[in-house]
Structures are given as structure tokens and as C-alpha cells.
Amino acid sequence: MTERYHANPERYQAMSYRRCGKSGIRLPAVSLGFWHNFGDTDKAENARDMTLRAFDLGIVHFDLANNYGPPPGAAEENFGRILRRDLASHRDELVISSKAGYTMWPGPYGDFGSRKHLVASLDQSLKRMGLDYVDIFYSHRPDPETPMEETMGALDFIVRSGRALYAGISSYNPDQTRQAARLLRELGTPCLIHQPSYSLLNRRVEEGLLDTLDELGIGCIAYCPLAQGILTDKYLAGIPDRSRAANPHGFLKPEHVTAEKLAKVQALKTIAERRGQSIAQLAIAWVLRRNTVTSALFGASRKEQVEEIAAVSSQLQWTEEELAEVDAAMAHKLVE
Ligand SMILES: NC(=O)c1ccc[n+]([C@@H]2O[C@H](COP(=O)([O-])OP(=O)(O)OC[C@H]3O[C@@H](n4cnc5c(N)ncnc54)[C@H](OP(=O)(O)O)[C@@H]3O)[C@@H](O)[C@H]2O)c1
């Protein structure tokens, strides 16, 4: 018999909350994603522990998508169970997001950006989670074939119909972002947030997207800030059994953990130690160094990782010298 959950009364004391673009919403500096470790192949009790520990530490934003599992849909179902059992009375303290765009069911309506896919998929997500609405609903990826007017029209309809409070986009490039933002603004449903990949190992958003978001007043939540775990000390001595790279269901494959990346991580270690942080904490604080990035969207496989990442929120300051040292560490090349 699992113990009844009582939320930590001091949960809002340590976390910092940052304004999402020019909106009324503030998000925790770090948010928890449900892409890995919340499926049916994972331990339900561990998923519950991580979720509740996050909430107890002020992490009030949980990010899901239709296809998170395995199998696809399982993360939303499992999250729905935790919500009903433990967090039902805290619904108004939570920002829950979901997305549609990647393949979810067979046939021509099972993916991408048609109105048909987005609305049907969100209705399925709401059923799986046992919710009346999500706080943020995203177009998960741009669709090269569907007119942007249709995809943004669907997001506007989703918000107006009460299925979501805010609209977001994920992995749109700067031009697509401008077009989406303009269409949404014209429809009267502003784009709240963009969800791009951003980490010390992937700085593509610095080539125009972050400036575009600043200019448009759209918030940014950076996904994979730890490069799926590479930006931690975990792989410095090989691939451990309990790691994403060793997990057959994981998206991180052993061949992604290269000697070149590990040499950079090793170089970051000295800087992290001087700052009194772990490498993971440094990597999270680094994506948050610019206010444009509202929140770092991390993943976890155990509750201790959630604790370590939540603690970053009180150590986000950087000096110019430290930032230059980080750049130098990342420029590190292996001498063969
Ligand atoms: N919009 C999109 O297209 C998109 C795409 C991908 C992800 N996302 C979102 O972003 C979220 C995060 O993605 P992600 O899980 O790849 O992010 P990540 O934060 O880069 O990687 C998370 C992994 O790093 C390891 N880790 C975390 N904290 C650690 C610590 N303190 N010490 C050592 N290792 C640590 C864990 O892996 P181990 O299992 O090895 O312990 C954890 O599962 C997803 O859940 C999802 O919500 C969105």
C-alpha cells in the first residue's frame, strides 16, 4: 500500500519563477519532461516519486506529448494516474503541456500539422490524462505540406474551445516562427512559447531564433539541456548499466557518446567544481544565462537527479570570465 501524499508546504521557497516572454505566465527555472522513464517499460513507483519530488521542490511545469512512452500514449496515461491519485487538489498550481505532430496512429491523419490531427490528438491526450484542458498545447514540429494558416487556425480553435489555455510551437525555425506568431496574433491567440533543443552541445538557436523570440515577446523552454545525459559526469568512465545510452528504449545510442564530446565535458568539470556545481547543474545554469530562455526542460530517471537539477535555481549567475572559459572548454578538440 503506497503512502498518501502530502505536498511540501515549503515547496515555493527555493525555486525561482521566470516570466514567459511578454505573457502573464511565469514558469519554474527548470521544468520536468516525460519523454523517457514514464512509459510502461518503466517502474510506476519511480515515476511517481520523481513527479512528486519535483512538485515538492517547486517544479510546477510538467511537459508531455501524445507519443511519449513506450508505447506511445503511456506517459500521458501514467501521468494521469499520478495526477488523479496525488495531485488532483493541486491542478491549479500546475502547468501541464502536451503536443501533437509526430506519428501517433496509422494513416494520413496520425501525424503532422493538419487541423484533423491536432484536434483529434489533443482529445485523445485529454482522455489519457483525465483532464478537461491542458495549459499549453504545442504544434510539435513544422509541417512542410499543411498551410501554416491551417495549423495555427487549429491552435487558435483549440484555445477558444477550452481544450488549452495557451498555444506553443516546437522546433520551428526563425522564419516559420515569425509566420506562426503573426498568424496567431491575427487570430487573437498569441504564441506563448517556443520549445527548441538547446544545450552546450547544440547552440543552433543562437543563430537567430533567440533574437526572434526576444523581438516577438515569446518565451522559450529549452529541451534536452543535458544533451540526454551527456552533459553530466555519467559517461566520463564509460557507459553505465543504468543510463539512457544503455537502455534499449532510449533515444540516446552508445555511438552518440563520443570521445570528442566527453573531452569537452571533462573540460567543463573544472569550471563546475570552481562554481560549486555538478556538470549537470552547470549545463542547466548555462542555458538559463539569458532571460529569453524562460525554463530548462530536463528529464530524469531517478528522484536524486530531480533534486540536483532543482537546486540549480539558486545558482544561475555567471561572470564574463566563466562564460569565456565554458566556450573554450566546448571548443576543446581531441588530439589524435
Ligand atoms: N519538443 C521536442 O521535440 C522535444 C524533443 C525531446 C525532448 N523534449 C522534451 O524535453 C524533455 C527533456 O529531454 P531529455 O530527457 O532528453 O533531457 P536532458 O535533460 O537533456 O536529459 C535527461 C537525462 O539526463 C540524465 N540526467 C538528468 N539529471 C542528471 C543528473 N543530475 N546527473 C546525471 N544524469 C542526469 C538522465 O538520464 P539517465 O537515464 O541516463 O539517468 C535523464 O533522463 C523531454 O522529457 C521532453 O519533455 C521535447
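The values are calculated or read from the model by the stated rules, or taken from the named source; none is laboratory data. Computed from a predicted model, the values in this text were never measured in an experiment. With ideal geometry, Cβ positions are generated from the backbone for all residues, glycine too; neighbour counts draw on all protein chains shown.
Numbers below:
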read-out	value
Whichever residue in the range 39-65 is among the basic types (Lys, Arg) and over 22 Å from residue 224 (Cβ atoms) and, among such residues, is surrounded by the fewest Cβ atoms within 10 Å (Cβ to Cβ)	43
Members of the range 99-141 that are of a type in the set (Gly, Ala, Ser), without any contact (Cβ under 8 Å) to a residue 60 or more places away in the chain and within 16 Å of the ligand (Cβ to nearest atom)	100, 113, 121, 139
Matching residues, the range 165-201, being within 16 Å of the ligand (Cβ to nearest atom) and either among the aliphatic types (A, V, I, L, M) or assigned to a loop (DSSP other than H, G, I, E, B) (or both)	167, 169, 171, 172, 173, 180, 192, 193, 196, 198, 200, 201
Cross-chain or 6+ apart pairs with Cβ under 6 Å, the range 186-199 first and polar (S, T, N, Q), then part of a helix (DSSP H, G or I) and within 16 Å of the ligand (Cβ to nearest atom)	199/227
Some residue of the range 275-288 being among the basic types (Lys, Arg) and touching a helix residue (DSSP H, G or I) at 6+ places or on another chain (Cβ under 6 Å)	no
Candidates 275, 302, 242 - the one that is within 30 Å of residue 168 (Cα to Cα) and either in contact with a Phe, Trp or Tyr (Cβ under 6 Å, 6 or more places away or on another chain) or of a type in the set (D, E, K, R) (or both)	302
Yes/no for residue 280 being of a type outside the set (Lys, Arg), in contact (Cβ under 8 Å) with a residue 40 or more places away in the chain and surrounded by fewer than 18 Cβ atoms within 10 Å (Cβ to Cβ)	no
Which numbered condition residue 248 fails, given (1) surrounded by fewer than 15 Cβ atoms within 10 Å (Cβ to Cβ); (2) at pLDDT 95 or above	(2)
Hey, residue 312 surrounded by 18 or more Cβ atoms within 10 Å (Cβ to Cβ), under 19 Å from residue 200 (Cα atoms) and aliphatic (A, V, I, L, M) or not	yes
Cβ pairs under 6 Å, 6+ apart, first in the range 237-264 and closer than 17 Å to residue 41 by Cβ, second within 12 Å of the ligand (Cβ to nearest atom) and part of a loop (DSSP other than H, G, I, E, B)	243/234; 244/250; 244/252; 245/239; 245/252; 245/257; 246/239
Residues located in the range 111-121, provided they are under 11 Å from residue 67 (Cα atoms) and buried (at least 23 other Cβ atoms within 10 Å of the Cβ)	121
In the range 283-336, the residues that are among the acidic types (Asp, Glu), in contact (Cβ under 8 Å) with a residue 40 or more places away in the chain and farther than 23 Å from residue 61 by Cα	322, 325
Enumeration of residues in the range 208-236 that are free of Cβ contacts under 8 Å to residues at least 12 places away in the same chain and within 29 Å of residue 255 (Cα to Cα)	234
Residue list for the range 145-185, restricted to those being of a type in the set (S, T, N, Q), in contact (Cβ under 8 Å) with a residue 24 or more places away in the chain and over 21 Å from residue 211 (Cα atoms)	146, 151
Per-region count, the range 100-145, residues assigned to a helix (DSSP H, G or I) and not hydroxyl-bearing (Ser, Thr, Tyr)	13
Flag for residue 87 being more than 16 Å from the ligand (Cβ to nearest atom), in contact (Cβ under 8 Å) with a residue 12 or more places away in the chain and among the hydrophobic types (A, V, I, L, M, F, W, C)	yes
Filter pass, residue 29 being among the aliphatic types (A, V, I, L, M), out of contact with any Asp or Glu (no Cβ under 9 Å at 6 or more places or on another chain) and away from the ligand (no atom under 16 Å from the Cβ)	no
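Okay, residues lined up against (1) within 19 Å of residue 50 (Cβ to Cβ); (2) small (Gly, Ala, Ser):
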site: 222; (1), (2): no, yes
site: 239; (1), (2): no, no
site: 256; (1), (2): no, no
site: 260; (1), (2): no, no
site: 268; (1), (2): no, no
site: 279; (1), (2): no, no
site: 286; (1), (2): no, no
site: 289; (1), (2): no, no
site: 297; (1), (2): yes, no
